[in-house]
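Data first, discussion second: the structure below is written as structure tokens.
All of the numbers you see were taken from the coordinates with simple rules; none came from a lab. Source: prediction; values computed, not measured. Neighbour counts are summed over all protein chains in view; Cβ atoms, including those assigned to glycine, are modelled from backbone coordinates with ideal geometry.
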Amino acid sequence: MQSLPEQDMLRDLGIHRVIEPRGVLPQPAWKLDNTPVAYPTETLIDVQRLHIDSASFTQIVNACERDTTCMSRHITDIVTERGKMHNPVTGSGGVLIGTVVQLDEVFGTKHQLTIGDTIVSLTSLSWLPLYLEHIHHIHLKRSEIEMVGKAIFFRSNPMTKLPGDLPQSMVVAALDVAGAPARVAALAQPGQRVTVVGAGGTAGLLTLCALHQRLGTYGEIIAVEYSEQALQDIVALGVADVIVQADATRPLDLLEQMRRNCSGRDYLSDLTINVVNVPNTEFASILLTKPEGRILFFSMATSFTVAALGAEGMARQVEMHIGNGYMPDHGSVALQLLRDYPSLRTLFAERFE
């Protein structure tokens, strides 16, 4: 029999909401109880928007051939079947924005919340019970869903209040990937060469600015991106030293492009950041990294089995880090980058407002 402290800990994690299979935590569970009523130790949120993570949204867009009616049905079916927004193909979720309706006292004190506060989840939607009543609109350009529904937060779940000085859609987009720039700021060191694969996405742009702020003029930033429009955005941002257009799913072609852009000089990086939203880019990341260098995989499309076995087959002793969406700063690093870099804020406004 579990002791009372153990029972309290498991309840704080939300295990009492797990329907299938029993005995697992909410994130890996197949199905959660999404009854839109707050039980003791829970907080109820009135949800207005979901910001689906890039890998999941891209998969759904492709599966539905960009048909938003089909996408609405597909997303509704996932939530109905699983009791949460947890894409069964990518295994990922996203974040939500909503208003506090019922507030657990402990949770409220921890986060300095009151009823009526607008919050953004720093917990993946794959962990949170979600009751979806209706989808109003799907914004294809910004991976966002306007909806009516309710969500449950457990005491362990990180979140943050919406700041008043930045537009709502911009904040949600940044907080969805806030762990990337914060983790990069902790890993990167002045004097290093750092490559960002998928540099034109939301996480990529934030990461480039975090690197520029961390390295200053003492280092080199290489941006790798496939999309023509995203490449133009990287140029407009003005923080990358080398910009390479290449498809990271084709590692040998990417290496050839790197050689051309770097004019035959060394291009292997001390640190490689992978923030792509498609699978099969693990080999490219390894090949771009120095032996004994580091790789941060911050993509939900990454196969860590492929990455580990790929490094083994190449005899490349690289240190691999798994991106963690949570950082103790509660998103402050990402939001401060939006304040510090007007060009970044302009790009986010074009994409998300």
State the volume of the convex hull built on the alpha-carbon positions of region 182-259, expressed per residue in Å³ and rounded to an integer. 85 Å³
Quick one: I152, I138, fewest Cβ neighbours within 10 Å first, how do they rank? I138, I152
Take the Cα radius of gyration of region 1-78 and divide it by 2.2 N^0.38 Å, with N its residue count; two decimals is plenty. 1.43
Here the percent of antiparallel bridges among DSSP beta bridges lying wholly in the chain, to the nearest 5, is 60 percent
Say we join alpha carbon atoms closer than 10 Å with springs in a Gaussian network model of the chain; which of H137, H212, H330 then has the biggest fluctuation? H137
Least to most buried among V194, V61, V18 (fewest other Cβ within 10 Å first): V61, V18, V194
Find which of M327, S169, A240 sits farthest along the positive direction of the dipole of the chain, computed with +1 on the beta-carbon of Lys and Arg, -1 on that of Asp and Glu, about the Cα centre. A240
For the chain, built as a Gaussian network whose Cα springs stay under 10 Å, the top-fluctuating residue of A203, A315, A174: A315
Give me the three principal axis extents of region 179-352 from the C-alpha atoms, as integers in angstrom, largest value leading. 43, 36, 30
Rank D247, D165, D340 by mean-square fluctuation in a GNM of the chain with C-alpha springs under 10 angstrom and give only the top-ranked residue. D165
Going 7 Å from the Cα of T305 in the Cα-to-Cβ direction, what parts of region 8-37 have a backbone nitrogen less than 15 Å from that spot? none
Using the C-alpha atoms of region 4-162, what convex hull volume per residue, in cubic angstrom, is computed? 96 Å³
For the chain, how big is Rg over Rh, using alpha carbon atoms and the Kirkwood form of Rh? 0.98
Select from region 1-76 those GluC sites (Glu not before Pro) which occupy a DSSP coil region and have at most 10 other Cβ atoms within 10 Å, ordered by residue number. E65
Give a quick list of trypsin sites (Lys or Arg not before Pro) in region 31-132 that DSSP marks as loop, anything other than H, G, I, E or B, with at most 13 other Cβ atoms within 10 Å. R66
Where labels lie 7 Å past Cα in the beta-carbon direction, separation of H74 and D46 in nm: 3.1 nm
Give the aspartates and glutamates reachable from K290 as a straight Cα distance under 19 Å; neighbours fewer than 8 places away on the same chain don't count. E220, D241, D253, E256, D266, D270, E282, E312, E319
For region 195-296 the trypsin sites (Lys or Arg not before Pro) that pass both the DSSP coil test and the at-most-12 other-Cβ-within-10 Å test are R265
Relative to the longest principal Cα axis of the chain, at what angle does helix 342-352 sit, 0 to 90 degrees, rounded to 10? 60 degrees
Starting with the fewest neighbours, write out D77, D104, D67 ranked by other beta-carbon atoms found within 10 Å of each beta-carbon. D77, D67, D104
Counting helices only, and only those DSSP H runs with n ≥ 4, report the 222 nm mean residue ellipticity of the chain as the sum of -39,500 (n - 2.57) divided by its residues, in deg cm²/dmol to the nearest 500. -11000 deg cm²/dmol
